[in-house]
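Down below is the structure, laid out as structure tokens.
Quick note: the coordinates plus some simple rules give every number you see, no bench work behind them. Source: prediction; values computed, not measured. Here the Cβ positions follow ideal geometry from the backbone for every residue, glycine too, while neighbour counts run over all protein chains shown.
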């Protein structure tokens, strides 16, 4: 169980351990964390908040002022936007700390911490890591700020490889090299060299000015929120997205330590470490890159996140020249002997928790990976409800998206459709465009809905063939299912009867497009897939009462008419509702992972009666008036609920948004935009 409502990595049991081990040291104490919004810094900041420390979070200043990882903690910490390379900004921060009622602890984690990036950004790496540390130390001395402890975060990379001339100074056992505080250093990257300098500066300022500095060399931390360009994130994000996992050299061995154990190491050294001393810690065992990747892939398969994945070593991901470090394994005997510190989280548990975080937080990492290739994607209906959400997601994923709007391209006309493909030059198409509406709109426009949807689909299929498209994703409709199909609807039952009469023209047109997609696959090899989403809802839905679906219609009616609303039918039909962001996730996953002719449902598997839905929306909007059911008007299809097991099995899709949560978000959006929405749709 989590200790707080934000995405804290600290469970209730872990927080209890923190308070037992460190409460006497940090509760109520002033603590400065540099790099507080980064990977390890955010977990440390979170731990200190759980300890009720007075936390000052040093965050690198940007024009946006955005916080990535510690935003949920904003009301419980003091954020300082500054820059380690700008000593004036550090001086202002340190002057603020002079007003603290106690001697502050400083946890110095701020750095450019990626080995590979240090070769591409060497000056930034040295300036941030070395000059930045110098600026912070000098500002503390210049201001006369007295500290309880100054913890500089070093790195296992400082040890590099064993140099033959000093091999006799190293320790070995039956498993190979063991690195500890006395081991010779031999940095093999600009990053490692910059951290060696930062470590020695900390010791220099201890010796010369009495700054109570300690150095902690961590061995390969990993966990939630880590930059996906580090090896653990690289493996997980690729496995979540594609069948091949590309890595650099597979032989090097690393000692991986979960982030919460890394934080406990920082806290332990700050609390009980001796100023002027060095402490190293990690898991105490190492594993090759190949075996680490295989462990991650095995755990992910067991969790149901992916199927088989191939590991490939590619020279493009090698470190330059002879700079690769071949083996890192820590001996944390000293820290254990002096403080009883030892790692608590096993590799299997840490990996499982890390995979789960990446799987649940794709928008937070997809734009940062270094393996994603940009794809030119056309989204028909990209200006509509579902399309606009999909476009946002695809652009956030780094793709080149062409949005087709009805005002510019009428896809029922061949010439317009052909012009669209010529303009967009797509490699992939999501065909979402359609003429669609609720029961009332279907009753008024059966011919238009049949013709428009059929012609749009036919034109998109033929032009996809002509342009040699790589992938075509077609959004079908749950309205295509037979009126009396067994519930939950299974894809194999799609042809076992005629659709419900009020939706039949629209549903039959969409089923015809499925036939076309399967035919084009068989004859021309077109990679076209067909998805059947449940009834969608969410922000930016259509709230026009003449054409809206049930959820936006109910929300608007109850907010516009707080005394009385009239609803069609008797409220007995059941429906399944899929939040728009969940549908977008299903579309993206299917595009990446599914290549088959059979249609696939996208849904939640949970149905609710229209009467129960109305009552829930009434509660959420505060409607206390009368609900009248007009039984002279049609109910529509008696029941609709989808069997979503095929999507889960074929491409790992599971809807994550509970109906109540999705309704709350939709209502909040409509309240905020009600005037503009009503005006635009009037």
Between the helical axis of 231-241 and the dominant principal axis of the chain, each derived from Cα atoms, what acute angle in degrees is found, rounded to the nearest 10? 10 degrees
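Per residue and in cubic angstrom, what volume does the convex hull of the Cα atoms of the stretch 21-114 have? Could the numbers behind the result be given before it?
Numbers: hull volume 9.5 nm³, N = 94.
Looking at the stretch 21-114, the number lands at 101 Å³ per residue.
Sort 316, 46 so the one with the fewest other Cβ atoms within 10 Å of its own Cβ comes first. Walk me through the numbers before you get to the answer.
Working: 316 7, 46 29.
Sorted ascending by nearby Cβ count, the order is 316, 46.
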Which angle from 0 to 90°, rounded to the nearest 10, does the C-alpha axis of helix 347-360 make with the longest principal axis of the chain? 40 degrees
Kindly express, to the nearest 10 degrees and within the range 0 to 90, the angle between helix 132-143's C-alpha long axis and the longest C-alpha principal axis of the chain. 60 degrees
At the level of C-alpha centres, the distance separating the stretch 542-556 and the stretch 252-272, in angstrom, is 54 Å
What share of Cα pairs, in percent, lie more than 20 angstrom apart in the stretch 448-592? 58 percent
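Over the residues of the stretch 562-682, compute the C-alpha Rg and express it relative to 2.2 N^0.38 Å. Don't skip to the answer; put the middle values down first.
Details: Rg = 17.2 Å, N = 121, 2.2 N^0.38 = 13.6 Å.
Normalised Cα radius of gyration, the stretch 562-682: 1.27.
Which percentage, to the nearest 5, of the DSSP beta bridges contained in the chain is antiparallel? Each step should come with its number before you reach the end.
Values: 9 of 75 bridges.
The antiparallel proportion sits near 10 percent.
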Contour minus Cα-Cα distance for residue 632 and residue 671 (0.36 nm per residue): 10.9 nm
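Go ahead and run the numbers for FRET between residue 466 and residue 518, Cβ-Cβ distance against an R0 of 25 Å, rounding to 0.05. Can you show the working numbers first?
On the way: r = 18 Å, r/R0 = 0.73.
Here the calculated transfer efficiency is 0.85.
Provide the packing ranking of 591-598, 649-656, i.e. peptides ordered by the mean count of other C-beta atoms within 10 Å per residue, highest first.
On the way: 591-598: 16.4, 649-656: 18.8.
Output ranking for 591-598, 649-656: 649-656, 591-598.
What percent do you get for the relative contact order of the chain when only Cα pairs under 8 Å and 6+ apart count? Please report the intermediate quantities before stating the final value.
Details: 1316 pairs, mean separation 58.6, N = 682.
Relative CO of the chain lands at 9 percent.
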Computed P(r) (all Cα pairs; the stretch 376-681; 10 Å bins; percent): 6, 28, 37, 22, 6, 1
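If packing is taken as the average number of other Cβ atoms within 10 Å across a peptide's residues, how do 351-358, 338-345 rank, most packed first?
Values: 351-358: 21.2, 338-345: 17.1.
Highest-to-lowest ranking by the protection proxy: 351-358, 338-345.
For residue 649 and residue 376 in the same chain, what is the full-extension length gain: residue separation times 0.36 nm, less their Cα-Cα distance, in nm?
Working: separation 273, 0.36 × 273 = 98.28 nm, distance 2.79 nm.
Contour length minus the Cα-Cα distance gives 95.5 nm.
Rank by packing, highest mean first: peptides 575-584, 500-509, with packing defined as the count of other Cβ atoms within 10 Å averaged across residues.
575-584, 500-509
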Alpha carbon centroid spacing (whole Å) that separates the stretch 480-523 from the stretch 377-425: 25 Å
Report the antiparallel proportion of the DSSP beta bridges in the stretch 376-681 as a percent, rounded to a multiple of 5. 10 percent
Note to self, the chain gives a 222 nm [θ] from helices alone (DSSP H runs n ≥ 4, -39500 (n - 2.57) apiece, / all residues, nearest 500) of -13000 deg cm²/dmol
Could you check the spin-label model distance between residue 181 and residue 408? Points 7 Å from the Cα along Cα→Cβ, value in nm. 6.5 nm
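Under 8 Å for C-alpha pairs, at least 6 residues apart: give me the relative contact order for the stretch 376-681, rounded to a whole percent.
Values: 587 pairs, mean separation 55.1, N = 306.
So the answer I get is 18 percent.
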